[in-house]
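**Student:** Quick one: the structure is below, questions incoming.
The values are calculated or read from the model by the stated rules, or taken from the named source; none is laboratory data. Quantities reported herein were computed from a predicted structural model and do not represent experimental measurements. Every residue, glycine among them, receives a Cβ derived from its backbone with ideal geometry; neighbour counts consider all protein chains shown. Heads up: the accessible areas ignore ligands, DNA and RNA and are worked out on the full protein's heavy atoms, side chains in. Shrake-Rupley method; radii C 1.70, N 1.55, O 1.52, S 1.80 Å.
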4 protein chains.
Amino acid sequence: MDFSSDTAAPAHPAVIEALARVNEGNQPSYGNDSVTGDLRASLARVLETDDFDYWLCASGTASNALALSCLCPPTGAVLCHEEAHIARDERGAPEFFSGGGKLQLLGGDGAQIDEAVLREALARIDPGFVHETPAQVLSLTNLTENGTAYPVEQIRHYASLAHEAGLSVHLDGARLANALVHTGATAAEMSWKAGVDVLSLGLTKTGAIGCEIIILFGQTRSKFAELKARAKRSGHMPPKMRYLAAQAIAMFEGDLWLSLAATANQRARQVSDALCRHSGTLLVHPVHGNEIFARMDDGLASSLREAGATFYPWPGGSYRLVTGWNTPETVIDTIGSL
Amino acid sequence: MDFSSDTAAPAHPAVIEALARVNEGNQPSYGNDSVTGDLRASLARVLETDDFDYWLCASGTASNALALSCLCPPTGAVLCHEEAHIARDERGAPEFFSGGGKLQLLGGDGAQIDEAVLREALARIDPGFVHETPAQVLSLTNLTENGTAYPVEQIRHYASLAHEAGLSVHLDGARLANALVHTGATAAEMSWKAGVDVLSLGLTKTGAIGCEIIILFGQTRSKFAELKARAKRSGHMPPKMRYLAAQAIAMFEGDLWLSLAATANQRARQVSDALCRHSGTLLVHPVHGNEIFARMDDGLASSLREAGATFYPWPGGSYRLVTGWNTPETVIDTIGSL
Amino acid sequence: MDFSSDTAAPAHPAVIEALARVNEGNQPSYGNDSVTGDLRASLARVLETDDFDYWLCASGTASNALALSCLCPPTGAVLCHEEAHIARDERGAPEFFSGGGKLQLLGGDGAQIDEAVLREALARIDPGFVHETPAQVLSLTNLTENGTAYPVEQIRHYASLAHEAGLSVHLDGARLANALVHTGATAAEMSWKAGVDVLSLGLTKTGAIGCEIIILFGQTRSKFAELKARAKRSGHMPPKMRYLAAQAIAMFEGDLWLSLAATANQRARQVSDALCRHSGTLLVHPVHGNEIFARMDDGLASSLREAGATFYPWPGGSYRLVTGWNTPETVIDTIGSL
Amino acid sequence: MDFSSDTAAPAHPAVIEALARVNEGNQPSYGNDSVTGDLRASLARVLETDDFDYWLCASGTASNALALSCLCPPTGAVLCHEEAHIARDERGAPEFFSGGGKLQLLGGDGAQIDEAVLREALARIDPGFVHETPAQVLSLTNLTENGTAYPVEQIRHYASLAHEAGLSVHLDGARLANALVHTGATAAEMSWKAGVDVLSLGLTKTGAIGCEIIILFGQTRSKFAELKARAKRSGHMPPKMRYLAAQAIAMFEGDLWLSLAATANQRARQVSDALCRHSGTLLVHPVHGNEIFARMDDGLASSLREAGATFYPWPGGSYRLVTGWNTPETVIDTIGSL
C-alpha cells in the first residue's frame, strides 16, 4: 500500500518492451533518430494537429523550466498558483533557467487560480513601469497540485484573459492524463484548442520511466531553435534520444496513457470512498484525479501505517495519498477492514 | 559501418535486461531507492574507496556542468583545453550552471594541455586582483577530444600543480573506460589517487542508454548537498532514479564497461591500421582509444562512403571515425578490400 | 510643492562642496584613494565600532542586491515583506545578482513583517528537503515602504529569531536616517547591536547625489572579497571612488544626514497635520518618517494639484506624499489655506 | 608624475561646476529630468543624427556589459580581441549581464583583431549546429587596450563583415575621444556611419567624475526598453540622473572632451619621445592615444620612480604609462633630465 507518490511506481511493462524493441542498430544522435521522428505521428494523432514542435526530456522540472525560459525573459515574471509545482517543488528551476525571472504567486482554492485574483494581477501589469517586473506568462497546472482538475472551459477562459493582456500560456501537464480522464476532454481540447501556447506533457507519473514532452503550438513554434539551444546547454539533449521517444510512443499506443490514468483515478476514488467510510475522515479537496487530500482520525492514520501503507502528512493538518497505474484493487478491502 | 559517433550505438543488452529486472514494485523516489543505494557498493569496488559521494544523471553535459558549478563560483574561471568538450560542444553549459563563470582556454597538442601553458596560466592567477577572473578549477578530459589518453602520471602531475595553486581538479571521463583500457590504469589510479577531486564518469558512450555519474572524492564531499540542490534545480533529479542506477550496476558488473571499451579500442586500432594500408592516409593523432583522426585521399573517403560508412570531416582537413562496443569485426575486411 | 519622491530633491550644498574639495590632484583608482580610506573613520564613529568592512555604490538597488548576493546562494531564498522595495521596485535585482535566488514574500501591516508570519516561515525551513528553496536571509527595511519605523527592539527580536534558524540578517536602510530620527536610536543600535549582519545604508534619499554604503559587520566581513568581486563584475566599482566617499563624509560630518532627515520628518508631520485638518483625510499608516500615505477627498486632491503639488496615487485608493530635506516650511500654510 | 591610469586624474573643473549648476530645485527621478532630456541635443550634435537612444551610467564596465546583454542572448557569444577590456578587466561582467553568454577571443597585434582571424571566426559560425555557441556580436575597442587606434575604414570594414554574417557591432569607446583626436574622425564617422550598432561612449577617462553613455543607433533602438529594464535591474538607473547628464553636457560643450583628449594624447607623445631619447627604450606599440607601452632599461625605470613617477609593469616585460587631461607639461623636462 504505497500511497507516497505516483513516481514511486515502476514503469508499465510496455515501456520496457519498447526500449528493448528500439535497442537495435545504430541511429543518429541528439534527436535525429527515426524513433524520435516517428513520435511526430503519434503526437499529431493525440494532439489532433500538425502545427507543433516537440522536445523530449526525462525530467518534469526541466520540461516546465525549459518551456518557461522560452516565454519569460530574465526581466519578466510568470503568474502561477502559490502552490504550483514550479513555485514549491522545483528548487528555483524557473528562476535558474530564465536567468533570474520571477514567479508571481496567485491564490485560489484547490490550487486553482481564483479568477478575480488573476484579473487583478493582469490589470496591474504595466510594461512601461520599469521598476516593477511585468508578468509575461500565465502557467496553469492540470491536474493541479491539490488533485483537482480545471475544466477545459476555465483554461480557455483564463488563456483568453492572459492573451488579451499580452501574456503567453503554459500548461504544466505532469498529470495531464489524469485531468483528461476526469474531464473527458481530449489532449487537443485541453491544450491548443483552449489557447495553451506551450504544453509540458508528462508521462513519467502516468507510467513511463522518465519521459516528458515539451510541445510548442502555433506561433510559439518560432521558439523551437531557442528551445533546443537551451535544452542542449542545460543537459537536456540526451545523445540517445530514441529511448525517450520509445517510451512516449508506447504510452500513446492504443491510448495506454489514458487507460493507466483511468485506473489510477478509479483507485483514488475507491480509496477515498473507503477512507470516508471511517468516521472523522474529511476530504480537503475533491478527488478528481489520482490524489487524495484528507483529514483523518489519528487512529485511522495509525491503522493504515500498521497495515503497511505509506503516505505523507501535508501542510494544514491533512494527509496526501497518491495512487498509480499499479495500485492493486486489494487496497480497498484492506482499508475497509481497518 | 557507422563511424559517426559512439553515441549512435544502441545500449548493450545487459543494460536493457537490468532495466527490466528493476522494473518491479514501488521504490522511493528521487534517488532514495534501493537500486541507487546498491550502486554504492559497485562504485566502492570500482573506485577502491568508500570516501566518495555520487549522483546520477542522464547527460554528460549535465554531469560536467553540475560538477564544475560546485567548484567554480560565478566570479571564477575553469582552466581547460581549447578543444575540450566543455568549451566546444556544450553550448555554454558551464557558464550557465556556474552563473556566468568563465572558461580559460589553454593550448597543447592532441587536445592535451601543454605543461608550460598550464604553468603560465597558474602563475598568472592573482585572486587579489579583483578586475581579472581567477581560475579556480582545472578540468582535464580523458580520453581527450582528440582520442589521445593522458597517462596517469601526467594527471597526477597536473593535479598536483593545480592543487599547489589552490585549484580543484575535475576530470571529464565521458570516455574514461577507453582511457583506462589504453593506459592499463584502474579507475582509482586515474581519479582520486591521481588527485582528481570530482570525476564525471561516463557510461553512455561506453554502452549505456544514458548514464553518467558525478563522483565527489574526499574533502569535496562537503559539496554534496549543494550538488543535489543544483541537480534538482536543473532538472537532473529524475524521480525514478533506479533506472539510471541499474544501468551503472550492469555496466560495472564483471567489468562489462571495460570489456566494451576494450572492444571499441581494438576496433579503432584495426580500422586505423586498415586505413593506413591505403597510401595517403595519415593519422593526425595517435589512436589511444576508440577515435581515429586521419587525413585520407579523397578517393579513399569516397570509397568508404560508397561502401556505406558514415563519418565526419573535422576542422583542419582530417576526418573523425569513432568505433563503439558494437562495431563488427567485418568492417576491417571491408576497408581492406576498398 | 513636490511630494513625488525624496529622490526628486537636489543634493545638499555641502555635498557639492565636498566634491569640489576632493577634486584636486591624482588619486589611486577603484577605491584605493585616500578619501575612501578616510571614510572608515567617519563610519567607525557613526557605527561605534571598527569591526566592519564597507563598499560604496551609487545605487540603492545595487546596494541591496550586492549585499543579498553575498548572503543568499542561487539555490536559496530571502525572506522579506511583500511590499519590500527589493520585491516590488527593483525589477528582479536580487534574483539577478544572486543568480536566480528567490524572494519569499511575507505579510504584515504597515509593510512590517508580522511576527507570527515570520515564525511560520522560519519553522517551515527544511534545508534537507531538496525540492523546496530554503530561506537563508531575512531582509528588513527601515524606514519601511509604508513610511513606518520598526523599533530597535523589534529588529533585535526578528534578527534573533532569524539567527536561531540559521539565517543572516540584512537591513535595507535606504531611509535609515529617517528611522533613526523617529526612534531616537543610533545607527549602531539599529544595525549590528540589533543583530544586523549587513546594512545597506542609504544617503541618496537623505540628501546626497547618489551614495549608498554596504556595510559588512563581524563574521560577515569574510564576504568582503566576494563583495568586491561581485561589485566589479556588476559595474559597481567606479574608478574614481573618491567622489562617492566625499559625499558620505560630508553627510556624516556634524551628523548632517540626521539633521536633514529630521527636517524631512518634521515636514511630513506638518504636512500630515495640515492635510488631516481637511475633513475626509485619513492616514493609512502612521507618519514615522518622511512619507505620508493618506486617503483624501477628491476635492482636496484636486486643490493640491491646482496649487502645484505633485504626488502619486497609491495602490488601495490612497495617495503617497514624500517630503525631503529641502521641502520648504511654506507648504504648510499653502495646504492650510486650501 | 602619475602615469598609473587616466582614471587617477580628478575631474575637469567644468564638470564640477556643471554639477553645482544643476543642483537647484526638484526634478523628476530616474532619467525623466530636464538635464537628461537636454543631453539629447548635445548628443545629436556630436553624433550628427537624431536616430539614436541613450542611457547613462557611471561605470564603463556596466556600459559595455549592458550594451552587450541587449545584443547577445545567454546562448550566444561575443567576438572580441583576447586583450579586450571586456575579456580581461571586467571580472566576467559580460557573462554575468548576458546570463552566461560567452566571449570568443581573437588574436591580432596591438590589441586589434586580425582580419584573417576575424574572417575565420565569422566563417565558422553555424547557428544550426546546436552544440557550439554561435557568435552574435562583434565588439571592437577604440582606443584599443594597447593604446592603438583602429582607423575608421577598418571599423567600417569589420562592421560590414560582421553584418554580412548576421552579427551586431558594439564599440567600446572608453577612450573614444583619444581615438577621434588621433584619427581626425568625428564621433559619427567612428560609430554609426561606420556601421556601429551600439556605442559605449566613455567620458570618465577623458575627464568626467564617472559618466558613460550607451547609445543605440538605428534599428537597435528597438532594444531601448530592454536596455532600461536591464539597467534598472542591475542598479544602473540612478534616481538623480541629472548629475550624470550634467557631466556629459559639460564635456560636450565646446568639444571640451576632444580638447582634453588632445592634451592627453600630446602629453603621451611628448613623454614617449622623452623616454625614447634614453637608450634602451623601445616602444612596444605605436602611441596613438594617451597610453605608452615601452620597454625601458632598468636604470631608466628606477630613475623615473625615484623622480616620483608611478606606472605599472605590463605582461611581456614592458611598462605602461598613461597620461591624462591634467598631466603637466613639466614632466617632459623631468624625464629629459634623468
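**Student:** Does any residue of segment D:150-163 turn out to be open to solvent by less than 10 Å² (accessible area, probe 1.4 Å) and either over 27 Å from D:ALA231 (Cβ atoms) or outside the structural domain of D:GLY184 (by TED's automatic domain parsing) (or both)? Before you say what the answer is, go through the steps one by one.
**Tutor:** Filtering segment D:150-163 for residues open to solvent by less than 10 Å² (accessible area, probe 1.4 Å) gives D:150, D:155, D:158-159, D:162.
Now restrict to residues that are either over 27 Å from D:ALA231 (Cβ atoms) or outside the structural domain of D:GLY184 (by TED's automatic domain parsing) (or both): D:150, D:158.
Checked segment D:150-163: at least one residue is open to solvent by less than 10 Å² (accessible area, probe 1.4 Å) and either over 27 Å from D:ALA231 (Cβ atoms) or outside the structural domain of D:GLY184 (by TED's automatic domain parsing) (or both).
**Student:** Can you pull out every residue in segment D:285-338 that is in contact (Cβ under 8 Å) with a residue 40 or more places away in the chain and among the polar types (S, T, N, Q)?
**Tutor:** Residues satisfying the conditions are D:ASN290, D:THR310, D:THR323, D:ASN326, D:THR327, D:THR334.
**Student:** Moving to a separate point now. Only one of D:SER191, D:SER200 is in contact with a Ser or Thr (Cβ under 9 Å, 6 or more places away or on another chain), among the polar types (S, T, N, Q) and in contact (Cβ under 8 Å) with a residue 60 or more places away in the chain; which? So that I can check it myself, show each step before the final result.
**Tutor:** Details: D:SER191 fails: in contact with a Ser or Thr (Cβ under 9 Å, 6 or more places away or on another chain).
None of the other options fit; the residue is D:SER200.
**Student:** Just checking, does segment A:198-206 include any residue being over 26 Å from A:ARG320 (Cβ atoms), assigned by TED's automatic domain parsing to the domain that holds A:ARG45, in contact with a strand residue (DSSP E or B) (Cβ under 6 Å, 6 or more places away or on another chain) and buried (at least 24 other Cβ atoms within 10 Å of the Cβ)? Working first, answer last.
**Tutor:** To start, the set of residues in segment A:198-206 that are over 26 Å from A:ARG320 (Cβ atoms) comprises A:198.
From the residues that got through so far, the ones that are assigned by TED's automatic domain parsing to the domain that holds A:ARG45 too are A:198.
Checking the rest, the ones that are also in contact with a strand residue (DSSP E or B) (Cβ under 6 Å, 6 or more places away or on another chain) come to A:198.
Next, only the ones that are buried (at least 24 other Cβ atoms within 10 Å of the Cβ) stay: A:198.
For segment A:198-206, residues over 26 Å from A:ARG320 (Cβ atoms), assigned by TED's automatic domain parsing to the domain that holds A:ARG45, in contact with a strand residue (DSSP E or B) (Cβ under 6 Å, 6 or more places away or on another chain) and buried (at least 24 other Cβ atoms within 10 Å of the Cβ): present.
**Student:** Of all the residues that make up segment B:27-61, how many are small (Gly, Ala, Ser), surrounded by fewer than 21 Cβ atoms within 10 Å (Cβ to Cβ) and in contact with a His (Cβ under 9 Å, 6 or more places away or on another chain)?
**Tutor:** Within segment B:27-61, the first condition is being small (Gly, Ala, Ser), and the residues that meet it are B:29, B:31, B:34, B:37, B:41-42, B:44, B:58-60.
With surrounded by fewer than 21 Cβ atoms within 10 Å (Cβ to Cβ) added as a condition, the list becomes B:29, B:34, B:37, B:41-42, B:44.
Then drop every residue that is not in contact with a His (Cβ under 9 Å, 6 or more places away or on another chain), which leaves none.
Looking only at that region, the number is 0.
**Student:** Moving on to the next point. Of the conditions (1) touching a helix residue (DSSP H, G or I) at 6+ places or on another chain (Cβ under 6 Å); (2) in a loop (DSSP other than H, G, I, E, B); (3) within 11 Å of another protein chain (Cβ to nearest Cβ), D:ALA246 satisfies every one except a single condition; which number is it?
**Tutor:** (2)
**Student:** Let me ask something else about it. Name the residues in segment A:5-48 that are more than 20 Å from B:ALA11 (Cβ to Cβ) and more than 7 Å from chain B (Cβ to nearest Cβ), would you?
**Tutor:** Taking segment A:5-48 as the starting set, the residues that turn out to be more than 20 Å from B:ALA11 (Cβ to Cβ) are A:5-9, A:40-48.
Residues satisfying the conditions are A:ASP6, A:ARG40, A:ALA41, A:SER42, A:LEU43, A:ALA44, A:ARG45, A:VAL46, A:LEU47, A:GLU48.
**Student:** Something else now. Being within 28 Å of A:ALA179 (Cα to Cα) and among the hydroxyl-bearing types (Ser, Thr, Tyr) is the filter here, so list the residues in segment A:279-310 that pass it.
**Tutor:** Once the filter is applied, which keeps residues that are within 28 Å of A:ALA179 (Cα to Cα) and among the hydroxyl-bearing types (Ser, Thr, Tyr), segment A:279-310 yields A:THR281, A:THR310.
**Student:** Let me ask you something else. Provide a single number: the residues in segment B:62-93 that are open to solvent by less than 10 Å² (accessible area, probe 1.4 Å), at the interface with chain A (Cβ under 10 Å from one of its Cβ atoms) and not small (Gly, Ala, Ser).
**Tutor:** Selection size over segment B:62-93: 3.
**Student:** Please return the ranges of helices (runs of 4 or more DSSP H) entirely within segment A:250-338 where 3 or more residues are buried (at least 20 other Cβ atoms within 10 Å of the Cβ). Spell out how you get there, then give the answer.
**Tutor:** Working: elements: A:256-276, A:298-306, A:330-336.
By residue number, A:256-276.
Listed here are the residues, each with its yes/no results for (1) within 14 Å of another protein chain (Cβ to nearest Cβ); (2) over 30 Å from C:ALA9 (Cα atoms); (3) not small (Gly, Ala, Ser).
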residue	(1), (2), (3)
C:LEU161	no, yes, yes
C:ASP172	yes, no, yes
C:ARG175	yes, no, yes
C:ASN178	no, no, yes
C:GLY184	no, no, no
C:MET190	no, no, yes
C:LYS193	no, yes, yes
C:VAL198	no, no, yes
C:CYS211	yes, no, yes
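**Student:** I'm told A:HIS236 meets every condition in (1) assigned to a loop (DSSP other than H, G, I, E, B); (2) more than 18 Å from A:PRO94 (Cβ to Cβ) except one. Can you identify the failing condition by its number?
**Tutor:** Result: A:HIS236 passes all but (2).
**Student:** Now for a different question. Do you know which of the residues in segment B:102-131 that are closer than 30 Å to C:PHE224 by Cα and open to solvent by less than 50 Å² (accessible area, probe 1.4 Å) is farthest from the other protein chains (Cβ to nearest Cβ)?
**Tutor:** Here the residue is B:LEU118.
**Student:** Next question. Condition test on B:LEU47, is it under 15 Å from B:ALA135 (Cα atoms), among the aliphatic types (A, V, I, L, M) and assigned by TED's automatic domain parsing to the domain that holds B:ASP109? Talk me through it step by step, then tell me what you get.
**Tutor:** On the way: under 15 Å from B:ALA135 (Cα atoms): no; among the aliphatic types (A, V, I, L, M): yes; assigned by TED's automatic domain parsing to the domain that holds B:ASP109: yes.
The answer is no for B:LEU47.
**Student:** With the structure loaded, tell me whether C:GLU226 is of a type in the set (Asp, Glu), surrounded by fewer than 24 Cβ atoms within 10 Å (Cβ to Cβ) and farther than 30 Å from D:LEU56 by Cα or whether it fails that test.
**Tutor:** Details: of a type in the set (Asp, Glu): yes; surrounded by fewer than 24 Cβ atoms within 10 Å (Cβ to Cβ): yes; farther than 30 Å from D:LEU56 by Cα: no.
No, not satisfied.
**Student:** Let me ask something additional. Which residues, counting only those in segment C:209-234, are among the small types (Gly, Ala, Ser), over 11 Å from C:LEU66 (Cβ atoms) and without any contact (Cβ under 8 Å) to a residue 60 or more places away in the chain? Before the answer, list the steps.
**Tutor:** Quick first cut of segment C:209-234, residues among the small types (Gly, Ala, Ser) only: C:210, C:218, C:222, C:225, C:229, C:231, C:234.
In the following step, the residues that additionally are over 11 Å from C:LEU66 (Cβ atoms) were identified as C:210, C:218, C:222, C:225.
Matches in segment C:209-234: C:SER222, C:ALA225.
**Student:** Taking the residues in segment D:217-243 that are hydroxyl-bearing (Ser, Thr, Tyr) and within 7 Å of another protein chain (Cβ to nearest Cβ) as candidates, determine which candidate is farthest from D:ALA44 (Cα to Cα).
**Tutor:** As a first pass, look at segment D:217-243 and keep what is hydroxyl-bearing (Ser, Thr, Tyr): D:220, D:222, D:234, D:243.
Within this subset, residues satisfying the condition of being within 7 Å of another protein chain (Cβ to nearest Cβ) are D:234, D:243.
Details: D:SER234: 27, D:TYR243: 20 Å.
Within segment D:217-243, the match that is farthest from D:ALA44 (Cα to Cα) is D:SER234.
**Student:** Only one of B:LEU143, B:LEU171, B:LEU138, B:LEU180 is aliphatic (A, V, I, L, M), without any contact (Cβ under 8 Å) to a residue 60 or more places away in the chain, surrounded by 24 or more Cβ atoms within 10 Å (Cβ to Cβ) and closer than 28 Å to B:VAL284 by Cα; which?
**Tutor:** Working: B:LEU143 fails: without any contact (Cβ under 8 Å) to a residue 60 or more places away in the chain; B:LEU138 fails: without any contact (Cβ under 8 Å) to a residue 60 or more places away in the chain; B:LEU180 fails: without any contact (Cβ under 8 Å) to a residue 60 or more places away in the chain.
Result of the check over B:LEU143, B:LEU171, B:LEU138, B:LEU180: B:LEU171.
**Student:** Test B:SER29 against the stated conditions and say whether it is in contact (Cβ under 8 Å) with a residue 40 or more places away in the chain and closer than 20 Å to B:ALA208 by Cβ. Give the derivation first.
**Tutor:** On the way: in contact (Cβ under 8 Å) with a residue 40 or more places away in the chain: yes; closer than 20 Å to B:ALA208 by Cβ: no.
The answer is no for B:SER29.
**Student:** Please work out which one of (1) touching a Phe, Trp or Tyr at 6+ places or on another chain (Cβ under 8 Å); (2) open to solvent by less than 10 Å² (accessible area, probe 1.4 Å) is the condition C:ILE209 fails and give its number.
**Tutor:** The number of the failed condition is (2).
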